[in-house]
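Comments concern the structure below.
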Amino acid sequence: MTNDFDRKAIAKSLRAMRAKHGADSDIGHRCSNLIEQLKHYPTLPAENRLIMRKSIAKSVEELAKLSQP
């Protein structure tokens, strides 16, 4: 199974969002967490990827809530 997303492009967007909102902001923290999660995801054993996917989904959900106007 292959990924249908470009981790490098997503990480670049997350870094830009973190820079815009500040690394010490709640948004910046979520961006940093997601960048690290995406970085390590491919190196995980298959059984740990499900746990990581849940963690990534939670971080994305939190980031979406924080970035709403």
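What follows is calculated from the coordinates using simple rules that are stated; it is not laboratory data. Model, not experiment: these values are computed from the prediction. All Cβ positions, glycine included, derive from the backbone under ideal geometry; neighbour counts span all protein chains shown.
Before moving on, here are some points about what is shown:
- The stretch 24-41 - residue that is in contact (Cβ under 8 Å) with a residue 12 or more places away in the chain and out of contact with any helix residue (DSSP H, G or I) (no Cβ under 6 Å at 6 or more places or on another chain) and, of those, surrounded by the most Cβ atoms within 10 Å (Cβ to Cβ): SER32
- Verdict on ILE27 being under 10 Å from the mean Cα position of the chain (by Cα) and not charged (D, E, K, R): no
- Of the residues making up the stretch 1-41, those that are of a type in the set (A, V, I, L, M) and farther than 14 Å from GLU62 by Cβ are MET1, ALA9, ILE10, ALA11, ALA16, ALA19, ALA23, ILE35, LEU38.
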